[in-house]
Every structure is written in structure tokens, then in C-alpha cells.
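Engineer: Sharing a structure with you now.
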Amino acid sequence: MIVAQQLTKDFPGPEGVTVRALGPLDLHIASGEFVCIVGPSGCGKSTLLRLIAGLERPTAGALSVGSQTPTLVFQGDSTFPWLTVYGNVEYPLRLRGVPEKEREAAVTHKLGLVGLSGFAEAYPYQLSGGMKQRVALARAWVADPEILLMDEPFGALDEQTRMALQHELLRLWEGPQGAPHSRKTVLFVTHAIDEALALGDRVLVMSAAPGRIVKEVRVPFARPRDAIQLKRDPLFGELAYELWQSLK
């Protein structure tokens, strides 16, 4: 679904000096995979997501992405303050010209999945930070993207809210039991090693800038997962320590 070969990105620096922010980087993510990326600040994680989303052009190398434009979820508040919760989630469907009855059914369903059914007519200023991120999750999912790019979406939240949203994200991605296999391809950037291990099929470690992938850890825990219960597993601690060592 996502393939990068010797991907690089340079930016103009002071006094005409070119600064390499990323690469050369090789990456392969299969359809339906949930892959997390960790790395030091400024290593090019967000730049990589912007390249995959089509918001930046590579300087060199090859990049192949699925047939649809990926959906990008940001760390900060991305709700439209002039729209209600319902209007925010409905927005991508309006852009596509989806008929009103289909929009209503899809939005109502997604708001129920993220626990916001009772807040459909509320405005963003009336919501907590965690609730705004639930709106962002619902809006991302209602668009039914092939690829979902998430740039530290829970990074600014308190630990309790972050854990709750990890649970919601896993529940959305895994889908109801017995449902057809329709998992999105997710690339999730985070600074939190425990979050990466709780969510991902694989965790990729990036080096300091210019960012390259220097380590891959395959996460062995079965799905569906409970992010809290996982922390009791001794193997969780061992993998977290291994990732910390790689970040050093």
C-alpha cells in the first residue's frame, strides 16, 4: 500500500545551504497494516507523513501510495470552530457530494462509535481536548480512506484520555467481531513507546535528522488488544526497553 525507495527530502537552509531533513529512506507497508513510527524530535517523521499525503514533493527517490489520497490526522485541534460536531464529521462527505440520507446514516454511526452521539449539536469550544480528537477520529473514519496517516494525534492529551483514545482507535480499526476484514492501512507517528507497542503490528525507529529507519520491531501481541492489560506482560517491558535502547 505504501512503498518508498531511497526517499529523500531537502529544504533550503540559511545562506543558501540545503538541509536534508529525511532519508535516504526505504519503507514498505502492506494493505491493512498498522505501523507506528518513533524517533527523536526533528527527525523527519512529520515530513514523511506529509510526503505520503501529497503535501510535499520528494527531492529524490520513489514513493508509491494507494489509489486514493490518504487521510491525515494532526496532533493539534483540527476541528472547524464554526461547525457543530455533526457538521465537522459530515464535512468530507459533503465535499464528495454524498446524498444527505447517506451522510446522516454514516455520521450518526461514527459518532456512536466514538461516544459522541449526545454531542452532535455541540460546537468545538464546548468540547474537551479529548472530545475534539474523537471528532477527528470520526471524521477520518467516515471518509472511509484506504490509508490513514496519524501525526501524534494524542500527544497533547493527558495520560488517562490518551489511553481511552488508544482504546477507541483500536476498536475502530479492528472493527466488530465477525465483520469482513476491512482494516485501514495506518501509519501512526508517536513519541510514546508504550503507545506504539499497544497499537502497532510493527514499530519503526527513525534516526536523528536526516531521518532514516534504523530498526524494526514486530509486535507479537495478539489482537484484539487491551492497552492497559498489555503493560502487565513482561514481554511488553522487554520490547519497550529494546526500543529505548535503539532511540539512544
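Engineer: What whole-number distance in Å separates the alpha-carbon centres of region 31-60 and region 210-248?
Structural biologist: 20
Engineer: Here is a further query. Region 204-248: which GluC sites (Glu not before Pro) are DSSP loop and have at most 12 other beta-carbon atoms within 10 angstrom?
Structural biologist: Passing sites in region 204-248 do not exist.
Engineer: Considering only L137, L149, L63, give the residue with the highest GNM mean-square fluctuation for the chain, with springs between Cα atoms whenever their separation is below 10 Å.
Structural biologist: So, out of L137, L149, L63, the one fluctuating most is L63.
Engineer: With point charges of +1 on the Cβ of Lys and Arg and -1 on the Cβ of Asp and Glu, referenced to the Cα centre of region 131-248, which listed residue (I213, L243, T185) lies farthest in the positive direction of the dipole?
Structural biologist: T185
Engineer: If we count other beta carbons within 10 Å of each Cβ, what is the order of V73, V203, fewest first? It would help to have the intermediate numbers written out before the result.
Structural biologist: On the way: V73 22, V203 26.
Sorted ascending by nearby Cβ count, the order is V73, V203.
Engineer: Now for a separate question. Under a crude label model (7 Å from the Cα following the beta-carbon direction), how far is E216 from F74 in nanometres?
Structural biologist: Taking the simple label geometry, E216 and F74 are separated by 3.2 nm.
Engineer: Tell me, what is the FRET efficiency for E102 and K248 to the nearest 0.05, using R0 = 51 angstrom and their Cβ-Cβ distance as r?
Structural biologist: 0.50
Engineer: At what distance in nm do the modelled label points of R94 and A60 sit from each other, each positioned 7 Å from its Cα along Cα→Cβ?
Structural biologist: Result: 4.5 nm between the two label points.
Engineer: Cut-off is 10 Å between beta-carbons; in what order do W82, W173, W244 appear when sorted fewest neighbours first?
Structural biologist: W82, W244, W173
Engineer: Right, here's the next one. Would you compute, from DSSP H runs of 4+ residues alone, the mean residue ellipticity of the chain at 222 nm, taking -39500 (n - 2.57) per run and dividing by the full residue count, rounded to the nearest 500?
Structural biologist: -11000 deg cm²/dmol
Engineer: How large is the dipole of region 9-51 about the Cα centre if only Lys and Arg carry +1 and Asp and Glu carry -1, each at its Cβ, rounded to the nearest 20 debye?
Structural biologist: 80
Engineer: Further question: Quote the FRET efficiency, to the nearest 0.05, computed for E238 versus S67 with a Förster distance R0 of 41 Å and r equal to the Cβ-Cβ distance.
Structural biologist: Computed FRET efficiency for E238 and S67: 0.55.
Engineer: While we're on this one: Going by amide H atoms built from the backbone, whose H comes under 5 Å of the H on Q75, apart from near neighbours?
Structural biologist: Close amide H contacts, sequence-distant or interchain: D151.
Engineer: Sticking with this structure for a sec: Find which of L93, L83, L116 sits farthest along the positive direction of the dipole of the chain, computed with +1 on the beta-carbon of Lys and Arg, -1 on that of Asp and Glu, about the Cα centre.
Structural biologist: L93
Engineer: Need the full-extension length gain, R171 to Q126, defined as separation in residues times 0.36 nm minus the C-alpha distance. One decimal, nm.
Structural biologist: My answer for the length gained is 13.7 nm.
Engineer: What is the total of Lys pairs in the chain with C-alpha atoms under 28 Å apart, excluding same-chain pairs fewer than 8 positions apart?
Structural biologist: 21
Engineer: Can you find, among A143, L197, G130, the residue farthest towards the positive end of the dipole of region 126-202? Put +1 on the C-beta of Lys and Arg, -1 on that of Asp and Glu.
Structural biologist: A143
Engineer: Quick one: angle between helix 129-142 and the longest Cα principal axis of the chain, in degrees between 0 and 90, rounded to 10, please.
Structural biologist: Roughly 90 degrees between the two axes.
Engineer: Then there's this: Using the Cα centre of the chain as the reference point, and only Cβ charges (+1 on K/R, -1 on D/E), how large is the resulting charge dipole? Debye, rounded to the nearest 20.
Structural biologist: On the way: 26 positive and 27 negative charges, 47 e Å.
About 220 debye.
Engineer: I would also like to ask the following. Give me the angle, in degrees from 0 to 90, between the Cα long axis of helix 100-113 and the longest principal axis of the Cα atoms of the chain, rounded to the nearest 10.
Structural biologist: Once rounded, the angle reads 70 degrees.
Engineer: About its Cα centre, what dipole magnitude does region 78-144 give when the only charges are +1 on Lys and Arg Cβ and -1 on Asp and Glu Cβ, stated in debye to the nearest 20?
Structural biologist: 160
Engineer: So for D201, D151, D144, fewest C-beta neighbours within 10 Å to most, what's the order? Intermediate values should be presented prior to the final figure.
Structural biologist: Working: D201 18, D151 21, D144 14.
If I rank by nearby Cβ atoms, fewest first, I get D144, D201, D151.
Quick note: the coordinates plus some simple rules give every number you see, no bench work behind them. None of these values were measured; they are calculated from a predicted model. With ideal geometry, Cβ positions are generated from the backbone for all residues, glycine too; neighbour counts draw on all protein chains shown.
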